[in-house]
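Beneath this line is the structure, given in structure tokens, with notes to follow.
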Amino acid sequence: MSKYVSRRRFLKGAAATFATPAILSHTHAYAADPVIRIGHVSPRTGPLAGFAEADDYVLAGISELFSGGIKNNGKTYRVEIISKDSQSNPNRAAEVAADLILRDEVDIIVAASTPDTVNPVADQAEANEVPCITTDCPWQPYFFGRQGVPGEGFESTYHFFWGLEDVISAFLDMWGQSGVAKTVGGLFPNDADGNAWGDKENGLPGPLAEAGYKLVVPGQYQPLTDDFSSQISAFKEAGCEMVTGNMIPPDFATFWSQSAQQGFNPKIVTIGKALLFPSVIESLGDRGDGLSSEVWWSPDHPFTSSLTNTSSRELANGYSSATQRPWTQPIGFKHALFEVVADVIKRADDLSDPAAIVAAIAATRLDTIVGTVDWSNGPINNVTKTPLVAGQWQRENGAYDLKIVANTAAPGIPLTGELKLLG
């Protein structure tokens, strides 16, 4: 059984507890107990809100877990979590991060959900020398998007997730099963993610060319555009049987609708970010069947929580039971953020010293519900990676299920289906 809150307790308390900003504190602790404050930033509203869909559930569960405080060096520290909404806007993310640091005086700040939230929060933390842990963003846009210098990195900010090399490997693993022509249409927005995914050196173009694929990219588009006619025309002219890229959900919905209207029918469509969420797939109706994406976390991932010993499936089922909604991939990573925070709080030599907290972060080696977090073993400074596979949405008995169809890079995560072509 999941040790998270029951459905009744969750539904009763969520509306009152998670107004923005949300402050989760535990007043029943002894008044003399020292307090450690954790700032949390994610996109509760706006086009990236799907990434934060499970925040209320995760924060309610974490609040309950931390209700008795966390021990460090013989003292019990009362924990306050202050959560704020980035509104899917980088400028707003920076603003609320600054509020958390300067007004709320948080001891640690955490953030998740694409570079639009992660990078401005991490930049504020770095500038103010506040320990920061982030996730849910490929490491290249996190590191290079913040002007990171290999070999130097950052002082206060640390990140765990996969990289573009991993998503490319997963996509190629999946596409290699298809037998379709190796001409791929590329859709990359003019934003931090799109710039990273479409980068000729660190993004998709180079590795796809090396693997024998022709990538057709008719220029980057502006997010929330209402016309993909030029891209669709270019893809049709080039004979693209596959489409890939990185998009927010509204942009993909526009592209996919216009593709149908203009007679563009690729056999494989693999899009990062936009196709992660069941709500997006369901909104597409029958045209959601067979779309594919990366899979960061699922109920089938063979990992357990260091906080609760809850399995991935138990965590996913607990969310669905409490909310009556399908599980989503960010659940695992939002939970893992607080696994790492709890571990750091327990191990830090001096919780009043930001440098000691940063040292504890850097020394982390923790088996979490998303895999091992170990900053001594990463591709670049301040970064450690978690495993990645590829999956496809397939409709069964009227409902969509995300099947894991390619796992060569992480064979410990089991396959749950076979790739099928669109149309």
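The values are calculated or read from the model by the stated rules, or taken from the named source; none is laboratory data. Keep in mind it's a predicted model, so treat the numbers as computed, not measured. Backbone-built Cβ (ideal geometry, glycine too); neighbour counts: all protein chains shown.
Being outside the structural domain of residue 52 (by TED's automatic domain parsing) and at pLDDT 95 or above is the requirement here; does residue 337 meet it? Show your work before the answer.
Numbers: outside the structural domain of residue 52 (by TED's automatic domain parsing): no; at pLDDT 95 or above: yes.
So residue 337 fails the test.
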Residue hits (the stretch 302-316; in a helix (DSSP H, G or I) and farther than 17 Å from residue 400 by Cβ) are 312, 313, 314, 315
From the option list 380, 404, single residue qualifying as of a type in the set (A, V, I, L, M, F, W, C), surrounded by fewer than 22 Cβ atoms within 10 Å (Cβ to Cβ) and within 18 Å of the chain's Cα centre (by Cα) is 404
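Restricting to the stretch 252-284, and then to whatever is in contact with a strand residue (DSSP E or B) (Cβ under 8 Å, 6 or more places away or on another chain) and within 22 Å of residue 316 (Cα to Cα), can you tell me which residue is surrounded by the fewest Cβ atoms within 10 Å (Cβ to Cβ)? Show your work before the answer.
Let us first name the residues in the stretch 252-284 that are in contact with a strand residue (DSSP E or B) (Cβ under 8 Å, 6 or more places away or on another chain), namely 252, 255-256, 266-276, 278, 281-282.
Of the ones still in play, those that are also within 22 Å of residue 316 (Cα to Cα) are 272-276, 278, 281-282.
Details: 272: 21, 273: 26, 274: 24, 275: 25, 276: 23, 278: 21, 281: 23, 282: 14.
For the stretch 252-284, the residue satisfying everything is 282.
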Among the residues of the stretch 363-379, is any among the hydrophobic types (A, V, I, L, M, F, W, C), in a strand (DSSP E or B), within 23 Å of residue 78 (Cα to Cα) and in the same structural domain as residue 110 (by TED's automatic domain parsing)? yes
Restricting the stretch 103-150 to residues that are among the polar types (S, T, N, Q) and under 12 Å from the mean Cα position of the chain (by Cα), the one surrounded by the most Cβ atoms within 10 Å (Cβ to Cβ) turns out to be 117
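Among 358, 344, 389, which is the only one that is in contact (Cβ under 8 Å) with a residue 12 or more places away in the chain and more than 24 Å from residue 315 (Cα to Cα)? First the steps, then the outcome.
Values: 344 fails: more than 24 Å from residue 315 (Cα to Cα); 389 fails: more than 24 Å from residue 315 (Cα to Cα).
None of the others qualify; the one that does is 358.
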Within the stretch 277-301, the count of residues that are over 16 Å from the mean Cα position of the chain (by Cα) and either not in a helix (DSSP H, G or I) or not hydroxyl-bearing (Ser, Thr, Tyr) (or both) comes to 12
Checked the stretch 219-250 for anything more than 27 Å from the chain's Cα centre (by Cα) and at pLDDT below 95; matches are none
Cβ pairs under 9 Å, 6+ apart or interchain, first in the stretch 151-162 and over 23 Å from residue 107 (Cα atoms) and in contact (Cβ under 8 Å) with a residue 40 or more places away in the chain, second among the basic types (Lys, Arg) and in a loop (DSSP other than H, G, I, E, B), ordered by first then second residue, are 162/385
